[in-house]
Amino acid sequence: MSAHNRQLLLDPGFELTLRPMRYPQFYEMYRNAIRNTWTVEEVDFSLDLNDLKHKFGPAERHLIERLVAFFATGDSIVSNNLVLNLYRHVNAPEARMYLSRQLYEEALHVQFYLTLLDTYLPDPNERAKAFAAVDNIPSIKRKADFCFKWMDSVHGLHRIETREQRRQFLLNLVCFAACIEGLFFFGAFAYVYYLRSRGLLHGLASGTNWVFRDESCHMAFAFEVIRTAREEEPELVDAGFAAQVAQMLREAVDCEHAFAEDTLSGGVAGLSLKDMRQYLEYCADQRLAQLGFAREFGASNPFPFMDLQDVQELTNFFERRVSAYQVGVEGEVGFDHAF
Ligand SMILES: [Fe+2]
Ligand SMILES: [Fe+2]
């Protein structure tokens, strides 16, 4: 504990006391996450194989190859940061319950994309290439390097004692929630929902609905951690911090734009690089607003198919009844009537 006499969320240590509970909102998020359990086995990728074989030209094929190559390692990077950095420093057992649940969900995402790659890329050499993309494909390596830069910036911190160390930690949290889950993944989801809007790859889109929902909850948790830390220690977030966050989001938009230049290099009909850029700027603005900072771009959402997605996601998010999927005691999941 630092100079103050009240235990704060970012005070170093491994607090064990659940009662009285200091942050019931994190426990509620954990309970809500448990209600929204799904399994990879419910997703039928075989639907997609016919599309890939008969309805995809070279430009779409290139897009999907790049997309699965990004998915091949994205969630593993997020999982590593979660265990190595976030779990260590968010010091409340109820918040750590949520992070444990999130770790399970990230493992599900890894399994989901592993199954996707195994199905879409039957040739073992093609598969191996996709998993090595993080080293070999520049537009994917650039995104990974962005993640690693922010992971490395806190990796040596075993205790976050000083204001500067806590800011470093919060920047890592912002990076993973706003830039990676909230921008890199949202960009990837936009390709999936664009294809769905053309009647393509319904198997991938149906599984993406679940991942989208999970990622939205992960972001909401991280933003609540940041909001709480800021409420407890207002001095952590000053104009300098806000400027660093804005700069980070600009960099993330540039990384994802470079990825879009690559994915769309074949000229995918109906999906322009300009619109993709605008969507990324729109997402970045949303994240800044969610964090309580000024928007950077003033961009509107150019993709009606993502608007629908947002509404659906928000409905689920706030209603909490979640008609789309809910695990009962028997473990049944009402997937057929979803979406
Ligand atoms: Fe994930
Ligand atoms: Fe996530």
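The table for this structure:
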read-out: Simple label model, 7 Å out from Cα along Cβ direction - Arg61 to Asn80, nm; value: 3.2
read-out: Within the chain, longest stretch free of exposed GluC sites (Glu not before Pro) [DSSP loop, at most 11 other beta carbons within 10 Å]; value: 1-329
read-out: Förster-model FRET efficiency, 56 Å R0, Arg295 and Arg159, C-beta, rounded to 0.05; value: 0.95
read-out: Pair Asn136, Asp254: separation of 7 Å Cα→Cβ label points (nm); value: 2.8
read-out: Value of [θ]222 nm, deg cm²/dmol, for the chain, DSSP H segments ≥ 4, -39500 (n - 2.57) each, nearest 500; value: -21500 deg cm²/dmol
read-out: C-alpha long axis of helix 24-35 to longest principal axis of the chain, angle in °; value: 30
read-out: 12 Å beta-carbon shell around Glu235, net charge (K/R +1, D/E -1); value: -1
read-out: Candidates Gly182, Gly266, Gly74, ranked by Gaussian network fluctuation over the chain, Cα under 10 Å, top entry; value: Gly266
read-out: With Cα atoms, 0 to 90° folded angle of helix 138-155 axis to the chain main axis; value: 10
read-out: Dipole-positive endmost among Ala243, Cys147, Leu173 within the chain (Cβ charges, Cα centre); value: Ala243
read-out: Helix 58-81 vs. the chain, principal-axis angle (Cα, 0 to 90°, nearest 10); value: 20
read-out: Residues of type aspartates and glutamates that Lys149 reaches as a straight line, Cα spacing below 13 Å, ignoring anything fewer than 8 places off in the same chain; value: Glu251
read-out: DSSP loop trypsin sites (Lys or Arg not before Pro) with at most 14 other Cβ within 10 Å excluded, longest remaining stretch of the chain; value: 160-319
read-out: Neighbourhood net charge (14 Å Cβ-Cβ; Lys/Arg +1, Asp/Glu -1) for Phe259; value: -2
read-out: Size-normalised alpha-carbon gyration radius of the chain, reference 2.2 N^0.38 Å; value: 0.99
read-out: Reachable lysines from Lys274, criterion Cα separation under 25 angstrom, eight or more residues apart if same chain; value: Lys55, Lys141, Lys143
read-out: Fully extended contour minus Cα-Cα distance, from Asp118 to Met21, at 0.36 nm per residue; value: 30.5 nm
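Since every read-out is calculated from the coordinates, none of them should be taken as a lab result. Keep in mind the model is a prediction, meaning the values are calculated, not measured. Here the Cβ is made from the backbone with ideal geometry for all residues, glycine too, and neighbour counts use every protein chain on show.
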